[in-house]
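J.: Just dropping this structure here.
The values are calculated or read from the model by the stated rules, or taken from the named source; none is laboratory data. This one's a predicted model, so the numbers in the text were calculated from it and none came from an experiment. SASA here: full protein model, heavy atoms, side chains in, ligands and nucleic acids out. Shrake-Rupley method; radii C 1.70, N 1.55, O 1.52, S 1.80 Å.
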Amino acid sequence: MKAFVNCVRAFAREEDGVALTEYLILLALLVGGVIGAVTLAGENLSDAWDTWATWFTDNVSAPAAAPAAGG
């Protein structure tokens, strides 16, 4: 029983697992933030691009074809 108590105490004093857990939580928060930002920006950029493309298609016409060169 004494060996078990010593193992539990040694495990409680060890800080490597705690630091790893903190880093994993921080990494998960960062990844979640990046995914959220990209998703939000992607939707907004898609809407802006569609609006601009519609305006461009409606208001800009293709240039007239150049006359054929030759003689």
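J.: If you roll a 1.4 Å probe over the heavy atoms of the protein chains, what accessible area per residue do you get for the chain, in Å²?
T.: Details: 6660 Å² over 71 residues.
It amounts to 94 Å² per residue over the chain.
J.: Could you tell me the convex hull volume per residue, in Å³, taken over the Cα atoms of the chain? Numbers along the way, then the final one.
T.: On the way: hull volume 10.4 nm³, N = 71.
Cα convex hull per residue, to the nearest whole number: 147 Å³.
J.: Over the chain, with every protein chain in place, what whole percent of the accessible area is carbon and sulfur at 1.4 Å, could you tell me?
T.: Details: 4620 of 6660 Å².
In the chain, the share of accessible area belonging to carbon and sulfur is 69 percent.
J.: Hey, any idea what Rg/Rh is for region 17-58, computing Rh the Kirkwood way over Cα pairs? Kindly include the intermediate steps, with their values, before the conclusion.
T.: Values: Rg = 18.1 Å, Rh = 12.6 Å.
Looking at region 17-58, the ratio lands at 1.44.
J.: So, taking all protein chains as they sit and a 1.4 Å probe, how much accessible area belongs to Val38, in Å² rounded to tens?
T.: Estimated to the nearest 10 Å², Val38 gives 100 Å².
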